[in-house]
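Trainee: My structure is below; once you've seen it, I'll send some questions.
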Amino acid sequence: METVLQSRLSFAPWADPRTHRLPGIVPLAIEDWLEVDDAYAAQMALREDLIAHHEDQVHALLPQACLAAQELLAMVLRLLPAKGYRVEAGHVMCPDGRLVTPDPDAPLLTLGRLTQNDFCLMQNGPEGGYILTGAILCFPAGWSLAEKIGRPMRRIHRPVAIYTEDLAKRVQRLLDGVQPGRALMRGTASRTGQPLFDSRPEALRGQVNPQRPLIRVERQGLVRLPQSRAVVFSIHTQMVHPVCLDAAQRAALEASDLRLGI
């Protein structure tokens with residue numbers, strides 16, 4: 001599948017001392033939550049295609065998350081006008097000229113057609129701990145939605161060696177601490193040769209193609225929905241050629257202990 005690239009990074013986590021080292025979590029103003037970058041039109045064309053032809057791979061919504069998903073859609077619709085969208089009765093004019101009709105019966109699919117962000121809904125399970133109860137996830141990094149939906153955080157992260165019992169407890173405390181009106185943000189960076197959407201078996205996903213090293217950055221947000229109390233984990237993915245780093249980003253990378261093979 002075609003790889004969509006940005007011409008620049010709006011955020012380089014290694015270049016900000018607040019996000020360079022774990023946990024790298026900083027406050028996020030809700031008006032800065034959503035971004036529209038220079039690859040918006042191309043990413044949205046890919047998202048439309050994925051939703052039309054691979055919906056079962058990029059979308060899931062458990063019954064207990066329906067109200068939270070509708071609440072999330074309403075919140076995002078209120079934020080869109082400040083990002084270059086025209087929100088009118090019955091439809092939304094997107095920055096690339098598409099008209100999207102919000103569907104309260106398919107809130108996550110609607111969000112997938114509106115924004116570059118992927119959205120995951122995390123809710124407390126009956127035995128405690130957060131469970132992934134819904135998502136529109138077009139651009140996962142080395143994992144698939146079908147493998148994780150309905151599972152608690154510890155099972156979602158089981159393949160990650162560093163996700164220890166202690167780290168699991170810290171993540172639980174972090175999610176518990178997310179409050180309405182006080183969003184959080186962190187970032188990740190990696191080297192990859194794979195496209196934004198990778199439908200290969202799990203064992204092959206995320207492998208680096210040395211012939212085409214690209215930089216993948218995820219700007220991740222944590223937002224608490226005030227009514228449902230669900231936590232929204234959002235991901236805005238950008239991919240660039242190394243030559244697209246600006247001077248400050250390249251200098252910070254060379255001075256850091258982050259190695260992307262550049």
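Trainee: If packing is taken as the mean number of other Cβ atoms within 10 Å per residue, what is the order of 59-69, 95-105, highest first? Walk me through the numbers on the way to the answer.
Mentor: On the way: 59-69: 19.2, 95-105: 12.4.
Ranking, from highest mean packing down: 59-69, 95-105.
Trainee: Can you give the helix-only mean residue ellipticity at 222 nm for the chain, where every DSSP H stretch with n ≥ 4 adds -39500 (n - 2.57) and the sum goes over all residues, rounded to the nearest 500 deg cm²/dmol?
Mentor: Working: 8 runs with 70 residues, N = 262.
Helix contribution divided over all residues of the chain: -7500 deg cm²/dmol.
Each value in this text was obtained by applying a stated rule to the coordinates, not by laboratory testing. Note that the structure is a prediction, hence the values are computed from the model and not measured. We place every Cβ from the backbone using ideal geometry, glycine too, and count neighbours over all the protein chains shown.
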